[in-house]
Amino acid sequence: MSEAESLEPKRGFIESVRDISRNPEPERVGQRWGFGAFLLVEAVFILSAVFITAITKQFGVNLFESVPLVLVGFIVPTILAAGTAIVITYVRGNGPKIDLRLSMTKEDLATGLKLGILGLVLTYSAATLWTMVVGEENATSAVGDLLSGSTLPLYAAITMFLYVSLIGPVCEEIIYRGLLWGAVERQGWSRWAAFGLTTVIFAIGHFEPLRTSLLLVIAIPIGIARLLTRRLGASIVAHVMNNFLPGLTLLLASVGVM
C-alpha cells in the first residue's frame, strides 16, 4: 500500500476511530526535521514579538497605543512562525503537503465542521464554568484584554477579526498539529501520543496561564479532527469554526456595536 493510500481514512466515524489503532502512520521517509524544528519555530515567534516591542520602544512609541503597531505585534509573529515551519519542510523534508499533511478533502471539511460545532458547545460550557471560577473581570483572552473598552477603526477591527477567526487558526494548526505532530510521529510514537502532547503544548503555548485549562478543553475537538482524518485540513476547519464566534464578538465590540 502506498503512503497516499495508507493515509486515506476509513468511511464512517466508528471506522475512523478504529482506524487510529489499526493503521498507524507510515514511516516518515525523507523527513529530516523533528522537535528541533518546533523549538526553532517557537523561538521565531517569541523573538519576533520581542523585536517588534523593542523597536517601538526605541522610537519612543508605546506598542499598545498605536492601532497599526498592535496589529503588527499580534499578527506578524504568528505568520512568521508558521512561515518558518513551512520553509523547514521544504529545506529538510518533502514539503508541507506530505510532512504536515496539509491538504483538504470533502471529508476533512465535513469532519471539521462537525467537530467545530462540538467545539463551540464545549467552549461555551467550559468558558461559562471557567468564568464562574476566575471571575468575569479575569475571563478574557489577551486580545480581549487589549480591545476591552476601546473602539477600533473599521479596517483594524476587520483585520483583527480575520486574524482571530482565520489567519491565527491556520497558522497555529501548521505549527502545532502540523509541525509538532509530525515531530512526535517521526519518533515512532503513537497518534494518541501526538494528540495528547500537541493538545497540552497548544494550551501552554498561548502564554496565558490563567486560560490554560480552558484552552485544553478548546483544543480537544480540534485535535480529534486531526486524529481521525490524519490530515491538517479537518483540524483547520474545526479551529476556524471554534474561533469564528469569538472573533465576530470582538469585531462587533471593537466597532461599538456591542
In Å², and per residue, what accessible area does the chain have when probed at 1.4 Å with the other protein chains present?
50
Lys pairs under 21 Å by Cα in the chain, provided they are eight or more residues apart or on distinct chains:
5
May I ask for the angle, rounded to the nearest 10°, between helix 67-92 and the longest principal axis of the chain, with both axes built from Cα atoms and the value confined to 0 to 90°?
20
Average Cα contact separation per residue, the chain, under 8 Å, 6 or more apart, as relative contact order %:
31
Grab the other residues whose beta carbon is less than 13 angstrom from that of residue 95, score K and R as +1, D and E as -1, and report the net.
+4
Can you tell me the 0 to 90 degree angle between the C-alpha axis of helix 106-134 and the longest principal axis of the chain, rounded to 10?
50
Given springs between every Cα pair under 10 Å in a Gaussian network model of the chain, which of 134, 217, 41 has the largest fluctuation?
134
Could you compute the longest span of the chain free of chymotrypsin sites (Phe, Trp or Tyr not before Pro) located in DSSP loops and having at most 16 other Cβ atoms within 10 Å, not counting the site residues?
60-188
Who wins for biggest fluctuation among 31, 187, 58 in a Gaussian network model of the chain, springs between alpha carbons below 10 Å?
58
If you find the alpha carbon centre of the stretch 75-124 and of the stretch 18-48, how far apart are they in angstrom?
12
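The values are calculated or read from the model by the stated rules, or taken from the named source; none is laboratory data. Treat the numbers as computed from the prediction; the structure is a model and nothing was measured. Every residue, glycine among them, receives a Cβ derived from its backbone with ideal geometry; neighbour counts consider all protein chains shown. Areas reflect the complete protein model, heavy atoms only, side chains present, ligands, DNA and RNA absent. Shrake-Rupley method; radii C 1.70, N 1.55, O 1.52, S 1.80 Å.
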